[in-house]
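The values are calculated or read from the model by the stated rules, or taken from the named source; none is laboratory data. Not measured: the values here are computed from a predicted model. Please note: Cβ atoms are built from the backbone with ideal geometry, for glycine as well, and neighbour counts cover all protein chains shown. When the accessible area is computed, the model is the full protein with side chains, heavy atoms only, and any ligands, DNA or RNA have been set aside. Shrake-Rupley method; radii C 1.70, N 1.55, O 1.52, S 1.80 Å.
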Amino acid sequence: MNNLIASLTPSIARFVLILSASFAFATAHADELKEISQLADQGQTAVALDRVNTFIAANPKNAQGLFLKGVLLAEQGRREEAIKVFTDVTEKFPNLPEPYNNLAVLYADQGQFDKARKALETAIKTHPSYATAHENLGDIYARMASEAYDKALQLDTANTRAQGKLSLIKDLFGTGNKTTIAASAPAKTAAQASTANVAPADVKKASNSTPMNANEAITDSVHKWAQAWSNKNLDQYFASYGASFKPAKGLSRQEWEQQRKERINKPSKISVEIANLKIEADESTAKAKFKQSYRADGKPIRTSKTLLMKRDGDNWYIVEEIASN
């Protein structure tokens, strides 16, 4: 939008294949969701929504499908339904920052800035390096400040300090239309956002975002893996491992996953901490070495661990896990 929250970074990404590492998924699902996204790109949003509902019926725990449904509902202007879907995603997958960020954009569009602020703060809490949420939170604070200065001027029209501060904010962000929810795109500066010609409450598609630096992306993936393990979030934990992952001791992937489920679910509480992370990477492969401290209802077990990782698109997945005491 062109008003004080115009610079809310476009955040609702329909093209699910370029989402962050937290949205890892199997190739078969990726192909199907990509087809649904392409239908929406062609203007067949209603058909795309029917397809994604069918997909979710068959895959009720798939975060990407639910996320995409929220996007499509938003694109149809069905904001309340989109909010309900994204809220559901945050409840089922509380460690994913993107749904909180998208909720914030929808709340801001409705003028519910306090709800937007809380959603963004939660996104940052789950993912401190999520720059989009930090930028959007700054814009929300600016909007809330603007409303406070407006109120001050209503009570005291001669308040020159409030007038000056309000003018400064309007100069920074411009004035005009309402929130625009957009597909994944590079962050805009306030000046760029204020000059954009955007229709009110419109849903726009933008170019793909620039991939993260390899070391940053790998670091992000490793910490999300450890966090999913600590939180017993099995869906996100297993999603950290690539399709070509080789379990130790000759286990099949299915046998390994069953074994891991039993071991992760058995303790009442798990804590996994990572220290001294060192990364060696080229364009498509990486080696992440670190000290791991694992605690499960007792004293911590410290291990030296190496994760061999492989890049797939913008995401990095574990293909081999090597531990030594």
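Applying the selection to region 289-325, what residues are touching a Phe, Trp or Tyr at 6+ places or on another chain (Cβ under 9 Å) and closer than 11 Å to Ile218 by Cβ? Don't jump to the end; show me each part of the working.
Narrowing region 289-325 to residues touching a Phe, Trp or Tyr at 6+ places or on another chain (Cβ under 9 Å): 294, 300-307, 309-311, 315, 317-321.
The answer is Leu307, Met309, Lys310, Arg311, Asn315, Tyr317, Ile318.
What is the number of the single condition among (1) modelled with pLDDT of 85 or more; (2) more than 17 Å from Thr132 (Cα to Cα); (3) touching a Phe, Trp or Tyr at 6+ places or on another chain (Cβ under 7 Å) that Pro99 does not meet?
Among (1) modelled with pLDDT of 85 or more; (2) more than 17 Å from Thr132 (Cα to Cα); (3) touching a Phe, Trp or Tyr at 6+ places or on another chain (Cβ under 7 Å), the lone unmet condition for Pro99 is (2).
For region 67-92, what are the residues that are part of a helix (DSSP H, G or I), open to solvent by 10 Å² or more (accessible area, probe 1.4 Å) and not hydroxyl-bearing (Ser, Thr, Tyr)?
Here is the first cut: in region 67-92, the residues part of a helix (DSSP H, G or I) are 67-75, 79-92.
Now drop any that are not open to solvent by 10 Å² or more (accessible area, probe 1.4 Å), which leaves 69, 75, 79-81, 83-85, 87-88, 90-92.
Across region 67-92, the qualifying residues are Lys69, Glu75, Arg79, Glu80, Glu81, Ile83, Lys84, Val85, Asp88, Glu91, Lys92.
Can you tell which of Lys69, Lys84 is out of contact with any Pro (no Cβ under 6 Å at 6 or more places or on another chain), without any contact (Cβ under 8 Å) to a residue 12 or more places away in the chain and closer than 22 Å to Asp50 by Cβ? Steps first, please.
Working: Lys69 fails: without any contact (Cβ under 8 Å) to a residue 12 or more places away in the chain.
One residue alone meets the criteria, Lys84.
Within region 301-316, which residues are aromatic (Phe, Trp, Tyr) and open to solvent by 50 Å² or more (accessible area, probe 1.4 Å)? Let's see the steps before the verdict.
Quick first cut of region 301-316, residues aromatic (Phe, Trp, Tyr) only: 316.
Within region 301-316, no residue meets the criteria.
Only one of Glu257, Glu283, Glu273, Glu262 is open to solvent by less than 80 Å² (accessible area, probe 1.4 Å) and acidic (Asp, Glu); which?
Only one candidate passes the filter, namely Glu257.
Could you check region 45-60 and list, in sequence order, the residues that are in contact with a helix residue (DSSP H, G or I) (Cβ under 6 Å, 6 or more places away or on another chain), open to solvent by 30 Å² or more (accessible area, probe 1.4 Å) and in contact (Cβ under 8 Å) with a residue 24 or more places away in the chain? First the steps, then the outcome.
Looking only at region 45-60, we keep the residues that are in contact with a helix residue (DSSP H, G or I) (Cβ under 6 Å, 6 or more places away or on another chain), and these are 45, 47-49, 51-52, 55-56, 59.
Right, trim to open to solvent by 30 Å² or more (accessible area, probe 1.4 Å) and you get 47, 51, 59.
Scanning region 45-60 gives a single hit, Asn59.
Out of the residues in region 240-254 meeting the condition of being of a type in the set (A, V, I, L, M, F, W, C) and part of a loop (DSSP other than H, G, I, E, B), tell me which one is surrounded by the most Cβ atoms within 10 Å (Cβ to Cβ). Spell out how you get there, then give the answer.
Here is the first cut: in region 240-254, the residues of a type in the set (A, V, I, L, M, F, W, C) are 243, 245, 248, 251.
Among the residues that remain, those that are also part of a loop (DSSP other than H, G, I, E, B) are: 243, 245, 251.
On the way: Ala243: 12, Phe245: 18, Leu251: 14.
Checked region 240-254; the qualifying residue surrounded by the most Cβ atoms within 10 Å (Cβ to Cβ) is Phe245.
Pick from region 220-237 the residues that are more than 20 Å from Phe290 (Cα to Cα) and assigned to a helix (DSSP H, G or I): which of them is least open to solvent (accessible area, probe 1.4 Å)?
Out of the qualifying residues, it is Gln236.
State yes or no: is Ala288 under 17 Å from Gln227 (Cα atoms) and modelled with pLDDT of 90 or more?
Working: under 17 Å from Gln227 (Cα atoms): yes; modelled with pLDDT of 90 or more: yes.
Here the answer is yes, as Ala288 does meet what is asked.
In region 96-125, how many are open to solvent by less than 20 Å² (accessible area, probe 1.4 Å) and polar (S, T, N, Q)?
The initial filter retains those residues of region 96-125 that are open to solvent by less than 20 Å² (accessible area, probe 1.4 Å), namely 96-99, 101-106, 108, 113, 116, 119-120, 123.
After this cut, where a residue has to be polar (S, T, N, Q) as well, the list is 101-102.
Result for region 96-125: 2.
Which numbered condition trips up Arg143, out of (1) modelled with pLDDT under 85; (2) under 21 Å from Asp220 (Cβ atoms); (3) open to solvent by 40 Å² or more (accessible area, probe 1.4 Å)?
(2)
Can you tell me which condition Val85 does not meet? The list is (1) more than 13 Å from the chain's Cα centre (by Cα); (2) closer than 23 Å to Gln236 by Cα; (3) modelled with pLDDT under 90; (4) of a type in the set (Val, Ile, Thr), and all the others hold.
It fails just one condition, (3).
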